[in-house]
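Following: one structure in structure tokens, then a few remarks.
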2 protein chains.
Amino acid sequence: MLKHVVKMRPEDNVAIAVHDLHIGDKITGDIVANAEIPQAHKIALTNLTKGQPVLRYGVILGYAKEDIHAGDWINETSLELPPSPDLSKLTYGENIKKDLPKPDRTTFMGYEVPGNQYSGTRNILGIQTTVQCVVGVLKVAVDQIKAELLPKYPNVDDVVVVSHAYGCGVAIDAPEAKFPIREIKNIMKNPNFGGQLMVIGLGCEKLTPNRIMEAEDINDDNLLFLQNFKGFEKMILAIRQMAEKKLAILNTHTRTEQPLSKLSVGFQCGGSDAFSGVTGNPAAGYASDLLVAAGGTAMFSEVTEVRDGVNFIAQRIPDQPNCNKLVKEMSWYDNYLAKGGVDRSANPTPGNRKGGLSTIVEKSMGSIAKSGTAPISQVVSAGEIPTKRGLIFNATPAGDFTCGPMQLASGMGLEVFVTGRGTPYNLEAAPVIKVCTRTDLKEFWQDLIDVNAGKIATGELSVKELGTELFNFIVDVASGEKPAAERLKLFNDIVIFNPAPMT
Amino acid sequence: MLKHVVKMRPEDNVAIAVHDLHIGDKITGDIVANAEIPQAHKIALTNLTKGQPVLRYGVILGYAKEDIHAGDWINETSLELPPSPDLSKLTYGENIKKDLPKPDRTTFMGYEVPGNQYSGTRNILGIQTTVQCVVGVLKVAVDQIKAELLPKYPNVDDVVVVSHAYGCGVAIDAPEAKFPIREIKNIMKNPNFGGQLMVIGLGCEKLTPNRIMEAEDINDDNLLFLQNFKGFEKMILAIRQMAEKKLAILNTHTRTEQPLSKLSVGFQCGGSDAFSGVTGNPAAGYASDLLVAAGGTAMFSEVTEVRDGVNFIAQRIPDQPNCNKLVKEMSWYDNYLAKGGVDRSANPTPGNRKGGLSTIVEKSMGSIAKSGTAPISQVVSAGEIPTKRGLIFNATPAGDFTCGPMQLASGMGLEVFVTGRGTPYNLEAAPVIKVCTRTDLKEFWQDLIDVNAGKIATGELSVKELGTELFNFIVDVASGEKPAAERLKLFNDIVIFNPAPMT
């Protein structure tokens, strides 16, 4: 028989509904549902008086705004948000787990990139832009390149334009301009671009090549400015010629056996619901632990979604410097939100709330679950490339289409994306594996979801079993298997995070 | 004989080089060039001691950092920036010109849009998105729609996706979120979309339909959420079906004679040089005056590029409320830049400096020239739709690809873009006329430039003659003639201005 509710920890005084609950449904013991409670929403397991803490994951999600009876529906209107953890009181190193699960596989079939700490999962010609102004001409050129040149180079998977909204009309020397500049610079280094650089500029923009390229790479083989060409046809010809040279080089690259220590996987969740923290994210966390145990790199991110569980993250950091860095990143984001007149409660979406996530604390605890249990080997700023392997906390914004490109910049070869409400999000530069949190969604979006973690909620599979299945699929996708969104060619735009002013 | 230099006002103590000047070139009177002075750069016409003001357009561009001799080259390294005009001391109504030039044409052939104050210059199916998440699926659908459906509806010019980086992962209730929300909402109302609404959402995003659509428009005819469809194929089918219904309606629309009072033209400049304020922008200003005299709407924008000449703008505002609004908009931007750790000196680009623009004051005086001489009938916030006709100051950021979409939101049917350095910038939702400031650029970019205002610098045509030619071309393009970038199908992405935090 399927379970009615899922309770995470013995001390919890709420559980979440595995399916829609109806008034009078017997839940457990003598508790009966007092309301129509939607799937994934919380039901009270005890009586609570106004002001008492509501506990899930053993953590205070909020305080009861009114008296609550056992069997009542608890949602975002029922809770007062607790203060977020005090950054000055974080302690590190208190939860360093050594006994990670052992993976059966330790290699994948990838593309080695000389000089790059990571190997690619795809063999893509990436064309980077210094500025949005060039995108119109570039799109015309790339349509021709894809139709006429790419078929001549069958070992190359795709041609991807890194089109972005940055490059000019921006305060390029503002303190926070470091974010978009670093992101654009590091995206070019993504291993899926095979170590080839192709940069198209206009010629009068603020984002000059020296800001995003190494001095030795700034030459006519890698960079052209449209303003140097006598008219449209000559621009197109020049772009095609540069592309063909790069395609010829990329075409010589082949998949070889690579240790998993050369794979970087980004983990993200989006359109989350209350199952995210029960099914999809714990399964992702188990896969993450397997990857880390195999010597690979697993990145988790999304500052506003870990802010309320930051103490749990700090405990998994073995050393003071990385704990300090964590505090610095969190403080930066606190200030950034405050300057914009908001706080971390701005994070949850209407979909999150509909999916039973009542507060950012609840969302955070679910979000953190996807980091598994491994120690955190390094904390990096948004868009930075880690210098260590293992589990990395990458301090990016939490929005799906903002976080993904940031993880690309940090070297991600593929992404695991856990979704509760369902999103077709995908990136052209790295494949995205879609994990759903509920069986209903898998059945509804058969052709868009790769892995159904809903089987954990229904008791069909354990977190370990599903996490192992996901780990194996990660290795297969890294080796060339196409997840759903890649097969369907669903590609989101590359959104660059720019907290600095536009001029 | 061609002129060596252009001096704008009798009181100016500098002039700009019409072409590259060489050491020893006789300039005027007994002044001889003391340096190799690049085209468009400034040459001193008198001796100046350290601290003395350098005047162009009768305005102080800056103060001499060192002693300067007549014939010296003056560039961005020579000048100390003056303080920007004090917003608390602006006076309005002191320069209200009534005698605008008289246009020969007062109508264009456009698309009337019931309920819209403006008529369209194109007949486009615009597909709006609530959130970036849907863009991958939408692009697949639109490729099919363009290939299979659009040919069946020959009166429809194009299908355009309003793809943007907003909609989720953002602080939707932040004070400054009003900017992106208003912009997205109003872009849908652009007359070139023929009054048809087609909005694609995901279903769990923060930018809910009620934030960007009128209550009466929120229905299944105009809006669909991908999360409501059982898998990819059903999503594509639903998008195609909605698109086909809209295409059938748009296909019944035809061009009819419309008064110019129903045309809104956005004026912008980008990649500016020191000729922008001598040739391209004054010609654009003359065309703007003709359009205003014909009852039409001319918008100029770019806050950081008018900030240093804001007193000249205030003088052309006839009333206190609009002058107050000007002050409010300028103050907002001053604060916005200050919060980001910069000021208006962050505006000029490397290309501007290479093009002889030494300070933001000099850039501003050139930029303002494109507003002509008409009184300013209304000041609107970025992305607002004016309620008055005539000359509108639209307080947008100055970056080309940020300002253009803002002007689309304000109802622009076509754009006039003046460029000195050269840019292929263009929008898919409204044609962009490219005016160059120098004959060299026209010769170099024959196929990308529509109107050569360089003829003013060489004395071949007057501002009046070239402005009239531009006005006529505006009316022709509004009536269906394609400018260069539209013929070549060069389309930039739509960049939304979001000064509020990402979460």
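The values are calculated or read from the model by the stated rules, or taken from the named source; none is laboratory data. These numbers come from a predicted model, not from an experiment. Virtual Cβ from ideal backbone geometry, glycine too; neighbours counted across all protein chains shown.
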(message) Just to check your reading of the model, which residue among B:171, B:147 is in contact (Cβ under 8 Å) with a residue 60 or more places away in the chain and of a type in the set (Gly, Ala, Ser)?
(response) B:171
(request) Might you let me know whether region B:102-112 holds any residue that is modelled with pLDDT of 95 or more, assigned to a loop (DSSP other than H, G, I, E, B) and either of a type in the set (A, V, I, L, M) or under 30 Å from residue B:201 (Cα atoms) (or both)? (result) yes
(request) Kindly check whether there is at least one residue in region A:233-242 that is under 30 Å from the mean Cα position of the chain (by Cα), under 19 Å from residue A:126 (Cα atoms) and more than 9 Å from chain B (Cβ to nearest Cβ). (result) no
(request) Counting only residues that are among the basic types (Lys, Arg), give me the strands (runs of 3 or more DSSP E) lying completely in region A:16-101 with at least 1 of them. (result) A:26-28, A:42-44, A:53-56
(request) Test each condition in (1) more than 14 Å from every other protein chain (Cβ to nearest Cβ); (2) crowded, with 20+ Cβ neighbours inside 10 Å; (3) farther than 30 Å from residue A:400 by Cβ for residue A:227 and report the one that comes out false. (result) (1)
(request) Can you tell me which residue within region B:176-205, out of those that are away from every other protein chain (no Cβ under 11 Å) and among the charged types (D, E, K, R), is farthest from residue A:351 (Cα to Cα)? (result) B:189
(message) Can you list the helices (runs of 4 or more DSSP H) lying wholly within region A:281-357 that have 2 or more residues being within 14 Å of chain B (Cβ to nearest Cβ)?
(response) A:303-306, A:320-339, A:350-354
(message) Given the options A:451, A:463, A:380, name the one that is closer than 28 Å to residue B:134 by Cβ and hydrophobic (A, V, I, L, M, F, W, C).
(response) A:451
(request) Please specify each residue of region A:93-134 satisfying the condition of being buried (at least 23 other Cβ atoms within 10 Å of the Cβ) and either within 14 Å of chain B (Cβ to nearest Cβ) or free of Cβ contacts under 8 Å to residues at least 24 places away in the same chain (or both). (result) A:129, A:130, A:131, A:132, A:133, A:134
(request) Kindly indicate whether residue B:235 is more than 25 Å from residue B:154 (Cα to Cα) and outside any loop (DSSP other than H, G, I, E, B). (result) yes
(request) Considering only residues that are part of a loop (DSSP other than H, G, I, E, B) and either more than 12 Å from chain A (Cβ to nearest Cβ) or free of Cβ contacts under 8 Å to residues at least 24 places away in the same chain (or both), look in region B:414-436 and name the one that is nearest to residue A:203 (Cα to Cα). (result) B:431
(message) Return the residues of region A:160-173 that are buried (at least 21 other Cβ atoms within 10 Å of the Cβ) and within 15 Å of residue A:503 (Cβ to Cβ); say none if nothing qualifies.
(response) A:165, A:166, A:167, A:168, A:169, A:170, A:171, A:172
(request) Collect the residues in region A:449-487 that are part of a loop (DSSP other than H, G, I, E, B), surrounded by fewer than 24 Cβ atoms within 10 Å (Cβ to Cβ) and in contact (Cβ under 8 Å) with a residue 60 or more places away in the chain, keeping them in residue-number order. (result) A:458, A:459, A:479, A:480
(message) So, in region B:385-406, exactly how many residues are within 14 Å of another protein chain (Cβ to nearest Cβ) and not hydroxyl-bearing (Ser, Thr, Tyr)?
(response) 10
(message) Conditions first: (1) within 14 Å of chain A (Cβ to nearest Cβ); (2) of a type in the set (Asp, Glu); (3) out of contact with any strand residue (DSSP E or B) (no Cβ under 9 Å at 6 or more places or on another chain). Residue B:481 passes all but one, so which condition is the exception?
(response) (1)
(message) Looking at region B:206-217, can you tell me whether even one residue there is buried (at least 23 other Cβ atoms within 10 Å of the Cβ), within 12 Å of chain A (Cβ to nearest Cβ), of a type outside the set (Ser, Thr, Tyr) and part of a helix (DSSP H, G or I)?
(response) no
(request) Restrict the check to region B:450-464 and report whether at least one residue is within 14 Å of another protein chain (Cβ to nearest Cβ), more than 20 Å from the chain's Cα centre (by Cα) and charged (D, E, K, R). (result) no
(request) Could you list all residues from region B:238-260 that are buried (at least 19 other Cβ atoms within 10 Å of the Cβ), of a type outside the set (A, V, I, L, M, F, W, C) and part of a helix (DSSP H, G or I)? (result) B:246
(request) Please work out if residue B:345 is surrounded by fewer than 24 Cβ atoms within 10 Å (Cβ to Cβ), hydroxyl-bearing (Ser, Thr, Tyr) and modelled with pLDDT under 95. (result) yes
(request) Return the only residue of A:30, A:67, A:72 being more than 29 Å from residue A:461 (Cβ to Cβ), crowded, with 20+ Cβ neighbours inside 10 Å and of a type outside the set (Gly, Ala, Ser). (result) A:72
(request) Those residues that are part of a loop (DSSP other than H, G, I, E, B) and closer than 17 Å to residue B:281 by Cα, I need them from region B:437-448; list them, please. (result) B:437, B:438
(message) Name the single residue that is farthest from residue A:163 (Cα to Cα) among those in region A:363-405 being in contact with a strand residue (DSSP E or B) (Cβ under 7 Å, 6 or more places away or on another chain) and assigned to a helix (DSSP H, G or I).
(response) A:365
(message) Here are the criteria: (1) in contact with a helix residue (DSSP H, G or I) (Cβ under 7 Å, 6 or more places away or on another chain); (2) within 14 Å of chain B (Cβ to nearest Cβ). Tell me which single one residue A:365 does not satisfy.
(response) (2)
(request) Could you tell me whether residue B:287 is within 30 Å of residue B:41 (Cβ to Cβ) and modelled with pLDDT of 95 or more? (result) yes
(message) Which of the numbered conditions does residue B:382 fail, given that it passes all the others? Conditions: (1) more than 10 Å from chain A (Cβ to nearest Cβ); (2) more than 19 Å from the chain's Cα centre (by Cα).
(response) (2)
